[in-house]
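Read-outs: derived from the displayed coordinates by stated rules, not from any lab. All values derive from a computational prediction rather than experimental measurement. Positions of Cβ are generated from backbone atoms using ideal geometry, with glycine treated the same way; all protein chains shown enter the neighbour counts.
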Amino acid sequence: MKLEPIDRALLAGEHGAAAGRAMALLVRYGEACGAERFIPIESAHIDGCLYHGPSSIDFVERFVDLGGKVRVPTTLNVAAVDVTHPGWHCGPPDIIAQQKELTRLHELLGCLPTLTCAPYQRMARPRRGEHVAWAESNAIVFINSVLGARTDRYGDFTDLCAALTGRVPLAGLHRDEARRPAVVFELPSIDAARLPRDLYFAAIGYVVGRRAPGIIPYLRGLPPDANEDELKALGATGASSGALALFHAEGVTPEAADMPTVGLPVETVSPAEVAGAIASLCRAVEGEAVAAVCLGTPHYSMHEFDLLNKAVDGRRRAAATEVYVSTSREIAAGIADDDAFGPLRAFGVNIVVDTCTYLAPVVRETSGLILTTSGKYAHYGPGNLGRRVALMTLERCIRSAETGRVVAP
């Protein structure tokens with residue numbers, strides 16, 4: 001690899017022993033990627049802050065011992081547990097102290113304890129064309145696709161090395177040629193798919209992820225008024241079903257107009273295929289007991305809370321059915337301080353912070369379905385939690401929570 005003066009200085013330890021160690025790891029990573037040189041980044045988002053075992057702590061603790069500090073603004077992804085509500089945690093109790101320690105160590109390095117999988121919902125967001133090093137699958141696909149910023153798929157430990165050096169190899173989706181689409185999907189309209197809008201985007205993401213694993217698709221036919229929460233749902237579900245890291249949507253996403261599509265294979269997504277995706281993610285039987293409704297995967301935005309607040313206004317949930325919504329600390333604080341969200345509190349909505357409930361078990365009732373509006377949750381929840389999960393519209397989730405049983409669509 002060609003190293004610039006800053007790269008050589010970092011590698012030699014001139015910017016501290018921690019940065020030198022991180023740069024040495026990145027050089028090996030860059031060589032494995034076939035990169036020719038490094039580029040600077042403007043920010044980082046760390047996934048290694050989610051506790052997976054002793055190695056999680058060992059890795060970051062070494063950089064703390066070496067006096068390390070991040071060189072770019074750096075945010076933290078979700079944790080393994082909501083440490084502010086330990087009484088809700090239904091998993092191993094010792095993980096709470098371990099997660100607290102892991103978060104503390106990252107803070108000592110200068111990371112911001114945002115603890116959200118949707119850092120793009122904050123005011124400071126990457127600009128189009130800006131290079132960053134972000135981990136967390138839904139965040140990667142969102143900023144690449146919806147914001148037009150550039151990140152490769154960074155995973156645990158590589159992300160922290162990038163933050164400590166402010167440098168990454170010029171590889172993967174940082175490169176112009178790697179961002180070009182390889183296939184065009186002709187999509188059915190919402191009317192043709194005959195799906196409610198809040199199921200349509202999850203279903204499209206699930207199908208596209210399955211049919212284009214690891215490649216860049218160009219989507220033709222998405223509604224031009226698709227909002228960020230809908231695109232978030234599409235990207236998160238596609239990242240779950242097929243490692244989607246970037247999509248271009250004609251007339252919707254910022255880079256789509258610049259992407260050549262002449263000569264690309266064109267594939268049609270049928271309404272039946274979209275309906276089949278929903279059927280595979282919702283095997284609920286009408287009348288089944290509902291243990292909980294879990295929302296916020298990825299983390300709920302303020303707009304989504306507004307919609308939920310309106311949906312539950314004047315209604316009451318069944319005593320045996322819990323409702324959990326995952327979000328960031330920042331958004332949760334805004335909800336708590338706003339009297340307008342009284343309907344949420346009256347309905348008994350529990351707001352989970354710092355984690356996602358498909359990772360951190362919080363549902364106390366051990367039998368019955370878990371309902372969700374998230375394709376990502378419906379995809380991962382059964383394997384992670386060992387529970388049956390069903391994807392539904394928000395309206396059907398709320399009606400089911402009222403009765404404690406799965407209601408008709």
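A few points about this structure:
- When +1 charges are put on Lys and Arg Cβ atoms and -1 charges on Asp and Glu Cβ atoms, the dipole computed for the chain relative to its Cα centre reaches about 400 debye.
- DSSP-assigned coil residues among chymotrypsin sites (Phe, Trp or Tyr not before Pro) in the range 47-90, each with at most 15 further Cβ atoms within 10 Å: none
- Each peptide in 393-403, 360-370, 237-247, 72-82 was scored by the mean count of other Cβ atoms within 10 Å over its residues; highest first, the order is 237-247, 72-82, 393-403, 360-370.
- Charge dipole (debye, nearest 20) of the range 282-403; +1 at Cβ of Lys and Arg, -1 at Cβ of Asp and Glu: 440
- Lys/Arg +1, Asp/Glu -1 at C-beta; the chain dipole; positive extreme among 259, 141, 92: 92
- For trypsin sites (Lys or Arg not before Pro), the sites in the range 55-129 that DSSP calls loop and that have at most 15 other Cβ atoms within 10 Å are 122, 127, 128.
- Beta bridge orientation in the chain: antiparallel %, DSSP, nearest 5: 10
- Among 198, 313, the ranking by other beta carbons within 10 Å of each residue's beta carbon, starting with the fewest, stands as 313, 198.
- Its residues counted as N, the chain yields a C-alpha radius of gyration over 2.2 N^0.38 Å of 1.00.
- Charge dipole (debye, nearest 20) of the range 180-280; +1 at Cβ of Lys and Arg, -1 at Cβ of Asp and Glu: 320
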